[in-house]
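Here is the structure we will look at, set down as structure tokens.
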Amino acid sequence: MAREFTSVGVVGLGTMGAGIVEVFARNGIDVVAVEISAAAVERGRATLTGSTDRAVAKGKLAEADRDALLARIDWQVGLDALHSVDLVIEAVPEHLDLKQRIFAELDRVCKPEAILATNTSSLSVTEISVATTRPNQVIGIHFFNPAPVMKLVEVVRTVVTSADVVADVEALCARLGKVDVTISDRAGFIANALLFGYLNHAVGLFESRYATREDIDAAMKLGCGLPMGPLALMDLIGLDTAYEILDTMYRRGGRDRRHAPVPLIKQMVTAGLLGRKSGRGFYTYERPGSPVVVPDEHTPVSTGAALADGARAIAKVGVVGSGTMATGIIEVFAKAGYEVISVTRGAEKSAKVCEAVKTSLNKGVVRGKLSEDDRDAALGRVTWSATLDHLADVDLVVEAVVEELSVKKALFASLDEICKPGVVLATTTSSLPVIDVAMATQRPADVIGLHFFNPAPIMPLVEIVRTIRTSAETAATARAVCAGLGKTGVVCGDRSGFIVNALLFPYLNDAVKMLEASYSTADDIDHAMKLGCGYPMGPFELLDVVGLDVSLAIQRELYLELREPGFAPAPLLEHLVTAGYLGRKSGRGFRDHTKR
Ligand SMILES: NC(=O)c1ccc[n+]([C@@H]2O[C@H](COP(=O)([O-])OP(=O)(O)OC[C@H]3O[C@@H](n4cnc5c(N)ncnc54)[C@H](O)[C@@H]3O)[C@@H](O)[C@H]2O)c1
């Protein structure tokens, strides 16, 4: 029978500790909450009261339940108060020597049968356990931030943790309404090992001014459906904690330089910019501890100002191509009130595209999202042509032909001859350098990337790719056009993967490497990212949807352009593609999709 936990201790009441106290107290367990000083206790208590008051205000917690919850907590200074608890969770800052000292002390103070757990994100639970005389009763219980909300708990067993202790802690997680994955003691466990390389990379993009904080965050939220952008998440985690986690992962995890903390993080920590908890990190918050972002000197000005930047007026748009993207883009522009000239390579193709646009618009009508009049008006705005000559007087051309550089270059050379001066020439390429396309014309200042996401009528994001030759007016025009389409345009440099793919695919590749190393299963890894980080899909689900061949191609491009050893495609990914396991489209990828 699983052990009954009637009272637990929590040591350290910061970002994580206060939330962990709430989780236990909400589930009817008495908590001794311990901090280093009376002031720190007060801070922890204020965090918890704030959180439970918000839950009451939102109708998620009855007032009486809040009062009962608070009554279960005994706030104390010093570890001596923990003498009779059944389990302790330590959540002090991420330093091995500090944690070892605390565990040695807990070993002395706590009753012999008590389980001692650490909430460490990256330190070795084994190294922490040997500071005690009971390493078999030491375990990692890694909650996710915010602890009351995130469903996942990683249970970390060392080589000496006893099987009973693991089973008892797993049963406790279930009682707390959490889903646990039990794993061995490796730097970053599952979720952080996959998350922190991505977060560090995002900070690196920001540090190098590749894109603004708002654009990096919007790209990952709108392009991948993540609950927060990476820089907002760094602020939530706390930059000091994130620094320590990265530093430990770098040292413990094979010195992968993708985990070497980007210098900016250290600078911000030194300057006291720790994120939400200090009121300022990548963003500025209403006050320390508040989740409300307030404008600061880096807050961008509105699109109205983009027009003032010299954006050109766009009324008539040419869309070249007849595939999925071209079809979606025609619909998007036509619906937004632009006059559209669709150019394909023949009347037959034009008829097909026209049919596809009609079908899609009709779906909108059936779903009640579009009136019949609006559908007819949108269709009435499109003319169908099989010759580029009809693009002589458009204001903007969006090219969405096959992803081959020679074809795109030839097309841009033709557009250069045909189009009037001042036209913005845009490519939707997702992997080719925009500058190569631009240099096929005599007007590279007017060329830009407009990377729409599939399906274009639905996905709210467009990456606006500036080359080193793109003019400010062209970029301002692209921004104004995106706003006119009701899309969020994010501006970035002309580098492989732009923002979204550059940040997404290395993470997916890392998940494959983790599976390949037999650290965990595809199911547990998918669970960890969904329940621990709020991702809409786990990495293996996503890889099967995107296609393993497509993912491999993107990862190869990133690796070739950036020469980052950590970006080398996972051998397992290569083998699956070679074996024809391409994901859903071939019936099998990481999972078998032929069985229902
Ligand atoms: N922040 C996250 O998103 C996150 C997520 C999961 C796990 N973790 C892990 O949780 C642990 C705590 O991280 P955090 O972000 O909550 O840190 P934090 O800096 O917000 O809080 C740490 C708290 O520990 C207290 N403390 C320091 N020394 C102490 C002592 N000797 N006795 C009692 N209290 C002491 C500090 O006063 C502070 O309030 C770390 O191991 C971290 O890796 C963090």
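Could you name the aspartates and glutamates whose alpha carbon sits less than 15 Å from that of K513, not counting residues in the same chain fewer than 8 places away?
Qualifying aspartates and glutamates at Cα under 15 Å: D256, D523, D524, D526, E574.
Taking a probe of 1.4 Å, how large is the accessible area per residue of the chain, in Å²?
Here the per-residue accessible area is 42 Å².
Got a sec to turn the phi values of the range 481-486 into Karplus ³J(HN,Hα) couplings, 6.51 cos²θ - 1.76 cosθ + 1.60 with θ = phi - 60°, whole Hz, x for Gly and Pro?
For the range 481-486, the Karplus-derived couplings read 5, 4, 4, x, 7, x Hz, x marking Gly and Pro.
Counting pairs on different chains as well as pairs 8 or more places apart, how many Lys pairs in the range 341-470 have Cα atoms under 24 Å apart?
Close lysine pairs found across the range 341-470: 10.
For K111, put the label point 7 Å out on the Cα→Cβ axis and report which residues of the range 1-28 keep their amide N under 18 Å from it.
So the set is 1-10.
For T182, list long-range residues whose amide hydrogen, built 1.01 Å from N in the peptide plane, is under 5 Å from its own amide hydrogen.
Result for T182 returns V155.
With a/c under 1.5 counting as rounded, go ahead and sort the range 23-87 into rounded, prolate or oblate using the C-alpha gyration tensor (a ≥ b ≥ c being the square roots of the eigenvalues; past the cut-off, prolate if a/b is larger than b/c, else oblate).
Because a/c hits 1.5 or more and a/b fails to exceed b/c, the range 23-87 counts as oblate.
Looking only at the chain, where both bridge partners belong to it, what percent of the DSSP beta bridges are antiparallel (to the nearest 5)?
The answer is about 20 percent antiparallel.
Multiply the residue gap between D376 and Q76 by 0.36 nm, knock off their C-alpha separation, and tell me the result in nm, one decimal place.
101.0 nm
Going toward the positive end of the dipole of the chain, with +1 on Lys and Arg Cβ and -1 on Asp and Glu Cβ, which of T52, H298, A356 do you reach last?
Of T52, H298, A356, it is A356.
If N is the number of residues in the range 407-485, what value comes out of its Cα radius of gyration divided by 2.2 N^0.38 Å?
1.05
Given H placed on each backbone N at 1.01 Å, which residues far from V394 in sequence or on other chains put an amide H within less than 5 Å of it?
Under 5 Å from the amide H of V394: K420.
Okay, helix-only estimate at 222 nm for the chain: each DSSP H run of n ≥ 4 adds -39500 (n - 2.57), divide by all residues, round to 500 deg cm²/dmol; what do you get?
-13500 deg cm²/dmol
Can you tell which of Y285, V577, A528 lies farthest toward the positive end of the dipole of the chain, using +1 and -1 charges on the Cβ of basic and acidic side chains (Lys, Arg; Asp, Glu)?
V577
In what sequence, largest accessible area first, do H259, H201, H95, H83 appear using a 1.4 Å probe?
Solvent-accessible surface, decreasing: H83, H95, H201, H259.
Grab the Cα-Cα distance for V292 and N362, subtract it from 0.36 nm times how many residues apart they are, and report the gain in nm with one decimal.
Difference between extended and current length: 21.1 nm.
Do any of K316/K487; K60/K487; K178/K266 go past 25 Å between their Cα atoms, and which?
Cα-Cα > 25 Å for K60/K487; K178/K266; rest within.
Does the chain come out rounded, prolate or oblate by the C-alpha gyration tensor, with a ≥ b ≥ c the root eigenvalues, rounded set by a/c under 1.5 and, if not, prolate when a/b is larger than b/c and oblate if not?
It comes out prolate by the Cα gyration axes.
Please give the contour-minus-distance gain from N136 to A413: 0.36 nm per residue of separation, less the Cα-Cα distance, rounded to one decimal in nm.
Value of the extension gain: 92.7 nm.
Identify the trypsin sites (Lys or Arg not before Pro) of the range 153-254 meeting these criteria: DSSP loop state and at most 13 other C-beta atoms within 10 Å of the C-beta.
R209
Tell me, what is the FRET efficiency for K352 and M439 to the nearest 0.05, using R0 = 41 angstrom and their Cβ-Cβ distance as r?
Efficiency for this residue pair is about 0.80.
Considering only DSSP states other than H, G, I, E and B, which trypsin sites (Lys or Arg not before Pro) in the range 23-62 qualify as loop sites with at most 12 other Cβ atoms within 10 Å?
Those satisfying the criteria are K58, K60.
Restricting to bridges with both residues inside the range 446-596, how much of the DSSP beta-bridge set is antiparallel, in percent to the nearest 5?
Given both bridge residues lie in the range 446-596, the antiparallel proportion sits at roughly 50 percent.
Local charge sum around A472 (other residues, Cβ-Cβ under 13 Å, Lys/Arg +1, Asp/Glu -1)?
+1
What does the C-alpha gyration tensor say about the overall shape of the range 524-581? Classify as rounded when a/c is under 1.5, otherwise prolate if a/b is larger than b/c, or oblate.
Oblate shape, in that a/c is at least 1.5 and b/c is the bigger or equal ratio.
Filter the trypsin sites (Lys or Arg not before Pro) in the range 324-415 to those in DSSP coil with at most 15 other Cβ atoms within 10 Å of their Cβ, and list the result.
Listed in order of number, the matching sites are R345, R367, K369.
The values are calculated or read from the model by the stated rules, or taken from the named source; none is laboratory data. In this text the structure is predicted, and so the values were computed from the model without any measurement. Methodologically, a virtual Cβ is constructed for each residue, glycine included, from the backbone with ideal geometry; neighbour enumeration extends over all protein chains shown. The protein model used for the area step is the full one, side chains on, heavy atoms only, and it has no ligands, DNA or RNA in it. Shrake-Rupley method; radii C 1.70, N 1.55, O 1.52, S 1.80 Å.
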